[in-house]
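The block underneath contains the structure these notes are about, expressed in structure tokens.
All of the numbers you see were taken from the coordinates with simple rules; none came from a lab. Just so it is clear, the model here is predicted, and its values are computed rather than measured. Here the Cβ positions follow ideal geometry from the backbone for every residue, glycine too, while neighbour counts run over all protein chains shown.
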Amino acid sequence: MFGIGMPELILIFLIALIVVGPSKLPDLARALGKGIAEFRRAANEIKENLDLDDTLGDIKKEVKEVHDAIVDVPVEHETTTAGQKDIKKDAKENNTDEEAFESEEESEDAKIESMKDASEDENKGNEEIQEESGTEK
């Protein structure tokens, strides 16, 4: 960890034994262990808080994007409304075109009907002529 091997640890243990004494050495080891454990817990808490801060930052970015998208909607809505007006105007023009087309169709239908009537009249006239002449179909 710190580049300390087994010989260095034995040397540190012997110095601590001489300085502190054999009766207080176990208490010192417990206190040192508790201190290291507390340090690890604090370090883990800091890591979790940093992770939460990162997550919170990501969430803030997403909320800002959604907020910006919502704020931009009225501008798009106005454009859409103007587009709808254009569509309605085009539809009115198309209806006028459709009405003209329908009236053309009606006039063509009328022409066809008159032609049928004329054809029927002609056939009747031919039948009458044939009857008068005495020949039948």
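For Thr55, neighbours were defined as the other residues whose beta-carbon sits under 13 Å from its Cβ, and their charges (Lys and Arg +1, Asp and Glu -1) total -3.
Gain on full extension, evaluated as 0.36 nm per residue between Leu17 and Ile70 minus their Cα-Cα distance, stands at 12.1 nm. Stretching the chain fully between Ile59 and Ala118 yields a gain of 13.0 nm (0.36 nm per residue, less the alpha carbon separation).
Inter-label distance, Glu108 to Ile4: 10.2 nm, where each label sits 7 Å from its Cα along the C-beta direction.
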